[in-house]
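The structure appears below as structure tokens.
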Amino acid sequence: MRALWDIAVGPPLPTQRLESERLNKIRALAAFSPDALSSIAYANQEIFLGLVVAGAVGLMYSWPIALAIAALLGVLALSYSQTLWAYPTGGGSYTVAKENLGAPLGLVAAGALLIDYVLTAAVSLTAGVAAIASAFPGLWSYRVELALVLLVLITLANLRGLRESGTLIAVPVYLFVGTFLAMLLWGGFVALRDGPGTWAATLPAAAPLSTYLILHTFAAGCTALTGIEAISNGITAFREPVSRNANQTLWVMALLMASLFLGSIALTQYLAVLPQGEETILSALARRILDGTPFYYIVQASTLLVLAVAANTSFAGFPRVASVLAQDRYLPHQFSHLGDRLVYSNGMLLLAGLTAVLILVFAGDSHALIPLFAVGVFLAFTLSQAGMVVHWIRVRGDHWPLKALANGVGALVTTVTFFVVAISKFAEGAWVVLVLIPAMAAMFYAVRRHYREVSRELTLRGLPPSLRPLPDPRVVLPISGVHRGVIEALRYAQTLSKNVTAVYVETQPGAGEEVRKEWELWAHGVPLDVVPSPYRSVIGPLLEYLDRTDTEHNDGQLATVILPEFVPAKWWQVLLHNQTAWLLKLALLYRRRRGTRARPVIDIPYYLRE
């Protein structure tokens, strides 16, 4: 298994390599921006689907809605730019909210972030499959399988390490940016050449245009803003100077986001683009501009690739937020440990598992996942910006009123957007996220309470500095027969105590006498108790025997159990044996006896050669 793991993700890296694994700005943009850049694929789709029910009149509002979302993007970029300078150690919304608004709101932000990352991965992969299926309709029926295959590839790429994943992911990211910008530039020429299109003759209205419809569409289109916080959450992956490099990368990402989003919306509306069948709106735009040339397939392929690696933003952010929570003892300690390749592999594997569940449950349909998407994002945005306002008021510093004002505007705008998204998407599934976030905060508190109780019970405070040694233990040696492994265990037991008793559970009548005869030849006076088992169970009668003999001795301690166990030479040979020793170890480990000391259990392995 170790060899297979090394082949899949690479051999372990020494800790000294950690600094060299950090990302420069080129690789960091590739690692943290795919979610933000590729979000136009599903944000544009949601805007189109939201307005098309009102016909041509509704679709005319695409551009104003896009401008409002772009303005919100600018506010968020400015706000998170402040966060990068104030919190270069990472943690993003969770750290900012916890330190400035208190632990409860910090945990709410953490829950929202983790949910957002899982949804980001699921939506990106399913939207990527939808993009390529628009070019090749025969793939629609295999979208779940394709999404899962892409998930496995992205997971393996990230498990290999930050630098390798950054290099690998840079290709599709920059391919997408290059091909899409080229398509938009050519689209501008096509628009000047052909003039504006019209929807009126082909697009009847199925519902009246209303304020609610516009707000509902705006809420759906706000999914274009997902990923803007990724750099803040993963800032520790940057090379020094961390804050400056992260800031420059953030503004480049925001500029590219705005260009791709506004350019594609403007051309879609101006050219009056309509998709055919299950085709996405971006595919329809590319088909209209490129007129079925081979470059259309290149654009669709690059869209698939960037949406596939957009899940990488989650793999860059989710494990880091989980590691910060684990260091604060709100998640299991395993999430704070760096893996063999100097990445938080436990967090990555959990993210991959949860993403796979969502893909399967929602049958690979990104449109069904979108309503769950933006609620957690804007809740985390709001708590982060509100926390930054408190931060500037508390620490002050140069130009702090302007900084507090920038974050205050961000908090106000994201709060309004959060309520718009939550209300308009509530019945479509947003309520699930609104229930999950406080439930996750409660889980974080439960984990922390457990660790606090463990620390309290393990503390040396109150323990006398000199402890009396325990008397010689009573040793019980369960045996399944007489063989070399049992004799080795017996020899070890006799080094611990003179009070050693073997016990054999007789599952077949008469078997105990055969074992006793052989035992007397080899055990040299060590007594053997034969315990009958009328129902052919081994574990239950043995535990009853231990309880009975402990009661008879009444010395306040439990007998030490020594378990002889032979270990086969090959892993598959384990399947050929009963594993009784392993089951007995579990039973003894989790069997609590109040008022007495813990029962020691010692395993004596005997390794087989063949």
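The values are calculated or read from the model by the stated rules, or taken from the named source; none is laboratory data. On a predicted model such as this, the values are computed, not experimentally measured, just so you know. Using ideal geometry, Cβ is built from the backbone for each residue, glycine included, and neighbour counts are taken over all protein chains shown. The accessibility values were calculated without ligands, DNA or RNA, using every heavy atom of the protein model including side chains. Shrake-Rupley method; radii C 1.70, N 1.55, O 1.52, S 1.80 Å.
Quick notes on this one:
- Cβ pairs under 7 Å, 6+ apart, first in the range 394-418 and closer than 17 Å to I69 by Cα, second surrounded by 14 or more Cβ atoms within 10 Å (Cβ to Cβ) and β-branched (V, I, T): V409/V75; G410/V75; A411/T382; A411/V389; V413/V75; T414/T382; T415/T382; F418/T382
- For beta carbons closer than 8 Å, sequence separation of 6+ or different chains, a first residue in the range 347-370 that is in a helix (DSSP H, G or I) and modelled with pLDDT under 85 and a second that is open to solvent by less than 20 Å² (accessible area, probe 1.4 Å) and acidic (D, E), the qualifying pairs are H367/E46; I370/E46.
- Number of the condition not met by V515 [criteria: (1) in a strand (DSSP E or B); (2) open to solvent by less than 40 Å² (accessible area, probe 1.4 Å); (3) β-branched (V, I, T)]: (1)
- One residue from R468, R452, R516, R461 being in contact (Cβ under 8 Å) with a residue 40 or more places away in the chain and of a type outside the set (A, V, I, L, M): R452
- L213 at negative phi and buried (at least 22 other Cβ atoms within 10 Å of the Cβ): no
- Scope the range 179-217; condition among the hydrophobic types (A, V, I, L, M, F, W, C) and within 14 Å of L59 (Cβ to Cβ); matching residues: W199, A200, A201, L203, A205, A206, A207, L209, L213, I214
- Out of V526, V530, one residue alone is modelled with pLDDT of 90 or more, outside any helix (DSSP H, G or I) and either open to solvent by 80 Å² or more (accessible area, probe 1.4 Å) or more than 22 Å from Q508 (Cβ to Cβ) (or both). It is V526.
- If you filter the range 312-332 down to residues that are farther than 21 Å from S384 by Cβ and at pLDDT 90 or above, you find that the one that is most open to solvent (accessible area, probe 1.4 Å) is R329.
- Residue match in the range 171-185 (condition: farther than 28 Å from I298 by Cβ and of a type in the set (S, T, N, Q)): no
- The range 464-523, subset aromatic (F, W, Y) and more than 50 Å from the chain's Cα centre (by Cα), residue nearest to Q579 (Cα to Cα): W519
- Some residue of the range 124-133 being modelled with pLDDT of 85 or more and surrounded by fewer than 22 Cβ atoms within 10 Å (Cβ to Cβ): no
- Complete set of residues in the range 289-308 that are β-branched (V, I, T), in a helix (DSSP H, G or I) and open to solvent by 20 Å² or more (accessible area, probe 1.4 Å): I298
- When residues of the range 69-89 are limited to those that are touching a residue at least 12 places away in the same chain (Cβ under 8 Å) and over 14 Å from L250 (Cβ atoms), the one most open to solvent (accessible area, probe 1.4 Å): T89
- Sole exception among (1) surrounded by fewer than 22 Cβ atoms within 10 Å (Cβ to Cβ); (2) at pLDDT 85 or above; (3) of a type in the set (S, T, Y) for T236, by number: (2)
- Condition met for R592 (more than 42 Å from the chain's Cα centre (by Cα) and of a type outside the set (A, V, I, L, M, F, W, C)): no
- Criterion (open to solvent by less than 100 Å² (accessible area, probe 1.4 Å), modelled with pLDDT of 90 or more, over 27 Å from C222 (Cβ atoms) and assigned to a strand (DSSP E or B)) met by exactly one of V482, V503, V486, V447: V503
- If you check A286, A322 for being small (G, A, S), over 25 Å from V152 (Cβ atoms) and assigned to a helix (DSSP H, G or I), only one passes: A286.
- Pairs meeting the criteria (first residue in the range 321-335 and touching a residue at least 24 places away in the same chain (Cβ under 8 Å), second residue open to solvent by 40 Å² or more (accessible area, probe 1.4 Å), beta carbons under 7 Å, at least 6 apart or on different chains) are A322/Y344; S323/Y344; R329/R448; Y330/R448.
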